[in-house]
Amino acid sequence: MMSVLVVVMTACVIDRVMLFGSIRQQDAQKEFFAGMTVAERQREESGQNAMLESVRAYTETQGQQDEPDKYAVFDTMSADWGGENDGFVYHAIPEEFEDTGGYFPEKMQCYTYILCKQYGVDYSIVVALIERESGYVFDKVGDDGNSIGYMQIYESAHTDRMERLNCTNIKNPYQNVMVGIDFLAELIEKYGTVQDALAAYNYGERGAREHLWNKGIYVYSYNEGIMNRARELEEEWNIERTD
C-alpha cells in the first residue's frame, strides 16, 4: 500500500513540474512575441521599415537593370528600307504566341518581307514557317541545342551558306532569317514546289526522300499546316496570290 502511495505522489510531482515547465515556456513565448511587436512598432515609428522597403525596391531595380537586354539585338540593323517594303502589312502575332515568349517586331517583319521579295519566296510562307518552327521566339533553341532561332537553323549544316552570306551569328535574328530564307529559296528552286521544299526543310533532303517521297508521301501535317496557315495570313492581310 505504501509503495502505491509513493508512486501516486511521484506522478503528481512530475505532472506539476511538467505543467510548471509548460507555463514557463508559454510565458517565454509571450515575452518573445511581445518584444517582437514592440520592436516592430519602434521600427515603424522611426521610419526604418519604410527605409528597408526602399532599399529592397532599389536592389530589385538594380538587379533588373544589370541584366542584359536581349531585345537590344533588334536595334543592330538599320531601318533604311527605301521603297522596297511596298505592300508590307504589319502582322500582329497571335496572343497565344505572345504569352509563350513570341516577339516579332515590325522592324524584323519588314526586313523579312524585303528578303522574301528579293528571293522570290512568299512572305506568308516564311511567317507561317516561323510560327510553326519557333512560335516567334527569336532565341529559341531546340533539338538538343542544334536548331536555333526563328527558323530553327542547324548551324553545322549551313556553314558554307553562312560564309557565302557573310553571316557569323545564327543567334542574331536578322542573320537567322537570311540563312533560312536563302535555304528555303534554294529548295523551292531545286524541287519545284513549296510543298516539297517544306518537306526537305523539315526532314532534310535525304530524310524527306527516305521517310516521305520513297513511300509516296508528299503532303503531311508539317507542310500542309504551313501552307494552310500561309493562306490564312494572306486573307488577314488582304493579299491576293499570284500563283
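The values are calculated or read from the model by the stated rules, or taken from the named source; none is laboratory data. Not measured: the values here are computed from a predicted model. Neighbour counts run over all protein chains shown; Cβ positions are idealised from the backbone, glycine included.
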- Query: Do you know which residues across region 113-166 are surrounded by 18 or more Cβ atoms within 10 Å (Cβ to Cβ), over 20 Å from the mean Cα position of the chain (by Cα) and within 17 Å of Ala199 (Cβ to Cβ)?
  - Reply: Val121, Asp122, Ile125
- Message: Going through Glu95, Glu40, Glu60, Glu131 one at a time, which residue ends up being modelled with pLDDT of 95 or more, over 17 Å from Met151 (Cα atoms) and not hydroxyl-bearing (Ser, Thr, Tyr)?
- Response: Glu95
- Item | Pairs, first over 10 Å from Ala79 (Cβ atoms) and assigned to a loop (DSSP other than H, G, I, E, B) in region 101-117, second at pLDDT below 95 and not acidic (Asp, Glu), C-beta under 6 Å, six or more apart | Pro105/Phe74
- Message: Given the criteria in the same structural domain as Ala92 (by TED's automatic domain parsing), outside any helix (DSSP H, G or I) and in contact (Cβ under 8 Å) with a residue 40 or more places away in the chain, does Tyr136 qualify?
- Response: yes
- Item | Scope region 174-203; condition touching a residue at least 60 places away in the same chain (Cβ under 8 Å), over 11 Å from Ile125 (Cβ atoms) and out of contact with any His (no Cβ under 9 Å at 6 or more places or on another chain); matching residues | Tyr174, Val177, Met178
- Which one is surrounded by the most Cβ atoms within 10 Å (Cβ to Cβ), of the residues in region 195-204 that are more than 18 Å from Leu115 (Cα to Cα) and among the small types (Gly, Ala, Ser)? Ala199
- Only one residue in Gly225, Gly180, Gly207, Gly192 is exposed (fewer than 12 other Cβ atoms within 10 Å of the Cβ) and modelled with pLDDT of 95 or more. Which one? Gly192
- Task: Within region 67-83, track down each residue that is touching a residue at least 12 places away in the same chain (Cβ under 8 Å), in a loop (DSSP other than H, G, I, E, B) and loosely packed, with under 14 Cβ neighbours inside 10 Å.
- Result: Thr76, Ala79
